[in-house]
1. Evaluate Rg over Rh across the chain, taking Cα atoms for both radii and Kirkwood's formula for Rh.
2. So, R0 is 41 Å and r is the distance between the beta-carbons of residue 592 and residue 355; what FRET efficiency does that work out to, to 0.05?
3. Quick one: if you stick a label point 7 Å off each Cα along the C-beta vector at residue 473 and residue 269, how many nm between them?
4. For residue 367, enumerate residues with amide H under 5 Å from its amide H, sequence gap 5+ or separate chain, H modeled in the peptide plane.
5. Nearest-5 percent of antiparallel DSSP beta bridges in segment 179-333?
6. Please report, for the Cα atoms of segment 159-284, the Rg to one decimal and the Dmax as a whole number; what are they, in angstrom?
7. I want to check the label-to-label distance for residue 128 and residue 299. Put each point 7 Å from Cα in the C-beta direction and report it in nm to one decimal.
8. To the nearest 0.05, what FRET efficiency results for residue 490 and residue 85 with a Förster distance of 60 Å applied to their C-beta separation?
Amino acid sequence: MPATRILGLSAFYHDSAAALVEDGRIVAAAQEERFTRKKHDDRFPAQAARFCLAQAGVALADVDYVVFYDKPLLKFERLLETYLAYAPSGLKSFLTAMPVWLKEKLYFRKMLKTELASLGGGGKQPPLLFSEHHQAHAAAAFYPSPFAEAAVLCLDGVGEWATTSVWTGSGNRLTPLWEIHFPHSLGLLYSAFTYYCGFKVNSGEYKLMGLAPYGEPRYAQRILDHLVDVKADGTFRLDMSYFDYATGLTMTNARFDALFDGPPRKPESDLAQRDMDLARSIQDVTEEIVLRLGRTVARETGMKHLCMGGGVALNCVANGRLWREGLFDGIWIQPAAGDAGSALGAALCAWHEYLDKPRMPVAGDAMQGSFLGPAFSAAEIRNRLDGAGAIYEEVGDEKLLRETAEAIAAGEVVGWFQGRMEFGPRALGNRSIIGDPRNPEMQRTMNLKIKFRESFRPFAPSVLRDRVADYFDLDADSPYMLLVAPVKEELQIAAAPGLFGIDKLMQPRSSLPAITHVDHSARVQTVTRDTNPRYYALIDAFRSLTGCAVLINTSFNVRGEPIVATPEDAYRCFMRTGIDRLVIGNCVMRKRAQPTIEQDEAWKQEFALD
């Protein structure tokens with residue numbers, strides 16, 4: 001019997017992606033940004049879809065269904081109802097949005113079929129299906145999880161109407177329980193502060209989370225008193241008189257400015273203590289809402305496990321607090337929790353719910369470590385490096401691991417490019433920049449000379465799963481870098497008194513200073529032999545050499561650039577930055593051996609700042 005293939009798509013808002021499922025097994029998934037080199041690319045994911053089809057060795061004509069991740073007409077209904085509810089406010093926004101909807105999006109099915117035709121292959125196109133937005137989030141969160149049944153909590157900006165949704169999952173079925181609707185949105189509340197603190201919405205929220213520990217929560221009560229009414233069960237309503245996103249072209253308004261004593265911070269300007277305090281305040285409020293919702297979900301469903309999806313589920317600090325609350329025996333968070341992962345969720349919806357197919361038992365989860373993108377053979381790597389003019393040495397595995405571990409221990413920063421590319425926003429050991437976490441200068445060096453980004457941004461540790469409890473107050477799986485945990489107390493260094501704001505950055509907080517944030521926490525990735533044997537072997541080689549079973553792991557890119565996808569991308573990033581050594585497959589490049597290139601700062605303009 002021929003396999004049933006389902007292509008899932010997300011597009012036209014942010015983080016477009018494609019995913020291919022074959023008889024319920026995830027074959028491939030990737031974000032469009034990795035191919036186009038435009039971060040958060042929202043266009044039709046043509047290149048990502050072509051990759052997925054190529055990975056399965058099929059053409060579009062061999063696909064049985066194409067599924068889109070939301071229902072555009074329901075979204076149009078929400079836009080119209082919102083404009084009517086707030087009339088005559090929002091006229092400018094209405095006049096901006098309506099021509100696009102009337103010209104393109106009301107004829108969405110036709111537009112989608114035209115885009116699909118561009119994928120080639122000829123023949124009749126597969127039937128086109130649509131999931132609801134939060135249904136796709138819930139499906140991406142539950143169906144690949146390791147749990148036979150679980151509660152599911154989805155939190156994001158907005159889909160069609162839902163901004164928060166609660167489900168139960170059992171077998172191959174998801175049952176919706178309740179929702180909170182637009183404009184009352186935890187994701188949009190957090191994004192409002194992202195905007196107000198001078199960062200880019202739908203891109204800079206993780207910066208706000210990283211900035212929070214430098215501040216004090218002196219605005220938290222003001223947020224609760226004026227902006228958001230939070231009930232004991234975690235449900236909430238926003239006072240929309242402070243926000244502009246429902247009808248305007250910005251997130252906040254003059255009343256919001258007055259509440260927080262001034263206008264928004266200008267992007268790229270110096271950070272003030274107020275910005276840090278605002279970040280800490282909204283982070284604390286977000287965590288409190290997530291905790292209350294978690295308690296309610298545990299009480300109402302009686303489930304022992306929780307799955308999480310939606311962009312707010314990428315807030316790993318809130319996730320860590322929820323885990324430590326002990327409400328559930330296990331929590332599993334979709335590694336591509338935002339809209340990109342909804343391409344996968346849409347495909348899984350069709351397989352399990354539309355076609356009523358059972359889930360297949362797998363060891364661990366079904367995401368395969370989230371290594372679902374392109375890989376390159378040894379011959380392809382050589383050909384591509386030769387084409388780029390790289391000078392490299394190809395070595396055996398034993399020498400590769402030993403010499404790379406020695407280089408890291410000696411203070412080198414290494415670009416590490418192996419196997420299949422990660423799906424989702426995190427580099428998990430295949431498209432990573434790695435370094436020694438014991439080096440007190442490494443955080444600033446990697447931020448300023450390699451990533452070209454703000455010095456306060458923290459780095460994550462990759463740790464052998466069987467050694468995680470030696471370093472962190474966490475004895476659980478965290479394969480996707482989505483839980484923050486405290487560094488073990490015996491490894492911590494007490495903070496010097498009287499430090500405020502960014503002055504805290506220069507104070508080592510543990511014996512692993514490069515991965516320890518100013519509040520003695522770290523965003524932990526646990527690594528196992530089963531999921532990523534090569535990365536595990538490298539960390540283990542570093543452990544054998546130094547006694548330390550932890551490496552710094554940050555994504556292989558510079559600020560504003562998507563994570564590298566090809567050997568050419570990696571070599572280009574290597575040559576433009578302070579990375580000392582590049583390892584692609586078994587090919588090793590040392591910076592000093594490469595052809596001299598004339599450094600031109602203009603290349604940084606290729607990527608819009610995030």
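Just so you know, all these numbers are worked out from the coordinates, no wet-lab data involved. Computed from a predicted structure; not experimentally measured. Positions of Cβ are backbone-derived with ideal geometry, glycine not excepted, and every protein chain shown enters the neighbour counts.
1. Details: Rg = 23.5 Å, Rh = 24.8 Å.
Taking Rh as the inverse mean 1/r over Cα pairs, Rg/Rh reads 0.95.
2. Details: r = 57 Å, r/R0 = 1.38.
For residue 592 and residue 355, the calculated efficiency is 0.15.
3. Simple spin-label model gives 3.8 nm for this pair.
4. The answer is none.
5. 50
6. Over segment 159-284's Cα set, Rg and Dmax evaluate to 15.7, 52 Å.
7. Simple spin-label model gives 4.5 nm for this pair.
8. The calculated FRET efficiency here is 0.60.
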